[in-house]
Amino acid sequence: MSQKDYADNRSSSRKEKNQQPAKKETLCPVYKKCGACQLLHMDYKKQLDWKRGRLTALLKPYGKLEGILGMEMPEHYRHKVHAVFGRDSKGKVISGVYKEGTHIIVPVENCLLENKKADAIIQTVRDLLKSFKIKTYDEDTGYGLLRHVLVRVGYSTGQIMVVLVLASPILPSKNNFVKALRKVHPEITTVVVNVNDKKTSIVLGDREQVIYGPGHIEDQLCGMTFKISPKSFYQVNPVQTEVLYQKAIAFAGLSGREVVLDAYCGTGTIGMLASPHAGSVIGVELNRDAVRDAIAGAKRNHLSNIRFYQADAGDFMVQMAALGEKVDVVLMDPPRTGSSEKFLTALVKLKPRKVVYISCNPETLVRDLKYLCGKGYRMETGVGVDMFPFTKHVETVVMLSHKKPDSVINVKVEFGEGEGKVPLDNIAKRAEAYKPKERGTYKMIKEYIEAKYGFKVHTAYIAEVKRELGLPMYDAPNAVEKLKQPRKHPTAEKVEAIKDALKHFEVI
Ligand code: SAH
């Protein structure tokens, strides 16, 4: 039975028993104050219908939606739980969520969306504060220590990470605190102190100290193991993440030979799942910790045809396009703001046969689809995946394929809101200047190496390697056929990178 069928059955059996949908206030006492569950007043089937209707209407100009995949048990799906700590007007310690659009704390005991174990851990932390004389942080006065607690629960491993976000680095009696916490919850496998001493609404600060365990957890999805650090992005709803990833890989329709780019790859999950079905996979991600986790994940899963790069996905794509790289399939999963002008312009230049676009924001998805569909792509199919039951949010996977090159139509799409809108066509013209005129120049070799290996090589080194290989060096600036004195030789790593570039440009 499909997830959708189950949702339908579940709802009709409710009707058969003549049950009324539960009252929203009964389901959640802070429903109104919190504001996160915008669809709590709807029965789950209705929620799915509402989301399907919205997506169908938005995507209509571009293609057809297959439907929406819902959950069998839509409660307590969030495996990453965040609680902000503070005091109420009577001075009592509270933890919960910020009231939407404010910094007023709404106390939460048990949340319908959150993993129950994570909620219980947060309660225990709250109970321990008094005996450890730990004060909660006050945003107005800047006084106090504990700001937030973040709990991540591994879906299939059961490993649990607790991150204590403090306003200053010292947690008094940290070892005893961990002991007391683990006495109640022995399932906790790691505890990390994160220091956030800035006046900011961003939860995590830059500094971290592991006070118990390895400082990360592992989880398994679709048969692979992933490493998750405190700051790495990892989908919050593991049950639906498996559904989403399986759809994305199926849409990619890989034959085992393709070069696949996993853009905005986070901890590399999608790329790693694609790797056994592809020739090679390249992952690109901005967050350094996530890239580290991705590299560790590739090793852990014994994948040898995948590489990860830490870069802005837009810059990376521009470089790939400039180097004339070949990409067959792009899997892209940008944040809520959608992709960038830079990225999409370069994507059109790279002209992958297929694009699988995963989106958590239908509005920016539609904006980006409008651009791609005006530049030679056609939406083949799409499906909604309900990653966030009870909320208005919905995830979508869309598959686009490239039409014949002569059918490109130019459209002008504007990105961003208010000031600073940039027409995409101008970006496209600027990016045109990057296009290499010939293959294998020193400049191109340098750019190729920097993009692929992340280090620079000197022209003289390239010339050295060419000399050793018996190749002519006439196009090297200031090159001489015979040296007056021996030149310092590049490291083995650089020699390999240069040879790789020479092969890439078919010089050798
Ligand atoms: N595909 C991953 C992550 C998706 S979330 C998964 O399924 O888990 C989006 C990711 O995009 C985040 O990891 C975020 O750090 C990354 N990101 C945001 N802006 C970016 C940019 N400009 N370039 C590259 N990555 C970016």
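The values are calculated or read from the model by the stated rules, or taken from the named source; none is laboratory data. Computed from a prediction, not measured in an experiment: that's the story for all the values here. Note that each Cβ is placed from the backbone with ideal geometry, even for glycine, and that neighbours are counted across all protein chains shown. In case anyone asks, the SASA skips ligands and DNA or RNA and just uses the protein heavy atoms, side chains included. Shrake-Rupley method; radii C 1.70, N 1.55, O 1.52, S 1.80 Å.
Below is a table of values for the structure above.
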item	result
Distant-in-sequence amide H partners of residue 220 (H built 1.01 Å from N, under 5 Å)	155, 156, 157, 226
Prolate/oblate/rounded call for the range 32-158, Cα gyration tensor, a/c under 1.5 rounded	prolate
Prolate/oblate/rounded label for the range 183-236 (Cα gyration tensor, a/c 1.5)	oblate
Cleavage-rule hits, chymotrypsin sites (Phe, Trp or Tyr not before Pro), the range 350-391, DSSP coil, Cβ neighbours within 10 Å at most 10	none
In the range 155-224, trypsin sites (Lys or Arg not before Pro) in a DSSP loop with at most 16 other beta-carbon atoms within 10 Å	198, 199
Table column - 3J(HN,Hα) (Hz), the range 371-376, Karplus curve with 6.51, -1.76, 1.60, x for Gly and Pro	5, 5, 6, x, 10, x
Amide hydrogen neighbours beyond the local backbone of residue 69, cut-off 5 Å, H modeled	384, 385, 386
Percent accessible area from carbon and sulfur atoms, the range 124-210, protein chains only, probe 1.4 Å	52 percent
Whole-Hz ³J(HN,Hα) from phi, Karplus 6.51 cos²θ - 1.76 cosθ + 1.60, for the range 340-354, glycine and proline x	9, 4, 4, 4, 5, 4, 5, 4, 4, 5, 5, 6, x, 5, 9
Accessible area (Å², per residue) of the range 70-156, counting only protein heavy atoms and a probe of 1.4 Å	49 Å²
Per residue solvent-accessible surface (Å²) - the range 250-332, probe of 1.4 Å	36 Å²
Sites matching trypsin sites (Lys or Arg not before Pro) across the range 304-368 that sit in DSSP coil, with at most 16 neighbouring C-beta atoms within 10 Å	326, 336, 353
In sequence order, calculated HN-Hα J values of the range 358-366 (Karplus, 6.51, -1.76, 1.60; Hz; x Gly/Pro)	9, 9, 9, 9, x, 5, 6, 4, 5
Cα gyration tensor shape of the range 35-109, rounded if a/c is under 1.5, else prolate or oblate by comparing a/b with b/c	prolate
5 angstrom amide H check on residue 211, placed H, neighbours 5+ away	191, 192, 193
